[in-house]
Each structure stands twice: as C-alpha cells, then as structure tokens.
Amino acid sequence: MSLTPTLRKANPDDAPIIWDILSGAIQLRKEQGSAQWQDGYPNLQTVENDIAQDQGYVYDSGDELIGYVAIILNTEPAYDEIEGQWHSDGDFYVVHRLAVARETAGTGVATSILKEVEHLALKNKIFSIRADTNYDNAAMLKIFNNLDYVYCGEVYFRGSARKAFEKLLR
C-alpha cells in the first residue's frame, strides 16, 4: 500500500472491485451478528447506480482499491423524516455505503476515508456531513464519535431504525 491513498471518483471498471469490498463488509457485518446490510442491500446494481450518478468514490492506495463510499449532495429522502433534529439547514453531503477492504478492517482506513470526505466537502464549500448506521455497528459508532460527529436522532431505512449523525465543518 502506498503512503498516501487518495479518494477519487469511481468509474465503471471499478465496480467489480467495489462489489468485492462491499461483499466482504456485508460478510463481516453478518459474522459480527449485525442485521445491517443483510437484506440484499447494497448490491452490485447499487454500486453501478452510484457510479452512473457520479456519487461513488474509491479509496485508492496506488496499488489497489481499499475502500468505497457514496457521497451524495443534499439528497436522502429518509433524512427528511428524522426523529430528532439536524444541526444545520444548508447544503450537506450524505455518506452512505462506507466499506473498506476486508484485510484493512480495523486499521483506520474508514477514518481516513471520512477525513477525505471532509476535505472534499470543504473544497466544495459544503459545511455539513450527514451519515447513519445501525445501532449494532460498534466500529462505525466509534469512528463517528472519534471524528466528532453529533448524534441527531433516528432515521428509518427499509423499516429499520438507524442512528443519524451530523458533523459541522466550521
């Protein structure tokens, strides 16, 4: 792995590798007893849609792709119905489908990806990042805490409650 991985937009040729990364994350969530991502979502079509809409990003070590994240500007219908309160009302990025290559899990790659998302947001004059995760995703909850994301309430996806977070960048 190179010393400075970079976050870049995914292209259609990346889709199979992204799907491998996500498949490993789905399996890890299952092994950890989580209900998250155990219902057929996300899938390869989700990845292909992300890429087609210019919302898919890969974390590229220079030698290989080691992470994936969807970054969506201002749009997540489930976030409109939050049981709680967002801390801002301006433009925001939504972070979805954050996953790292199985062999890098627990090494700080997910944290690095989120820091890169923050840099991208600031570069584009976006001062809020919103995200959510399952109640049983201890690793992601810890990362959100360590990066100063603030718990805002609950949102619902496919009938399941998820913890919603926001980080203000100014």
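Looking across the stretch 1-30 at every residue that is among the charged types (D, E, K, R) and modelled with pLDDT of 95 or more, the one that is most open to solvent (accessible area, probe 1.4 Å) is identified as 13. Among the residues of this structure, residue 107 counts as one that is of a type in the set (S, T, N, Q) and without any contact (Cβ under 8 Å) to a residue 12 or more places away in the chain.
The single residue among 33, 106 that is at pLDDT below 95, over 17 Å from the mean Cα position of the chain (by Cα) and on the phi > 0 side of the Ramachandran plot turns out to be 33. In the stretch 44-63, the residue that is surrounded by the most Cβ atoms within 10 Å (Cβ to Cβ) out of those that are modelled with pLDDT of 95 or more and part of a loop (DSSP other than H, G, I, E, B) is 55. From the list 146, 134, 124, the one residue that fits, being free of Cβ contacts under 8 Å to residues at least 40 places away in the same chain, in contact with a helix residue (DSSP H, G or I) (Cβ under 9 Å, 6 or more places away or on another chain) and among the polar types (S, T, N, Q), is 146.
The stretch 70-170 holds strands (runs of 3 or more DSSP E) entirely within its bounds, and those carrying 1 or more residues that are open to solvent by 70 Å² or more (accessible area, probe 1.4 Å) map to 150-157, 160-168.
The values are calculated or read from the model by the stated rules, or taken from the named source; none is laboratory data. Fair warning: this is a prediction, and the values are worked out from it, not measured in the lab. Neighbour counts run over all protein chains shown; Cβ positions are idealised from the backbone, glycine included. These area figures cover heavy atoms from the full protein model, side chains too; ligands, DNA and RNA do not enter into them. Shrake-Rupley method; radii C 1.70, N 1.55, O 1.52, S 1.80 Å.
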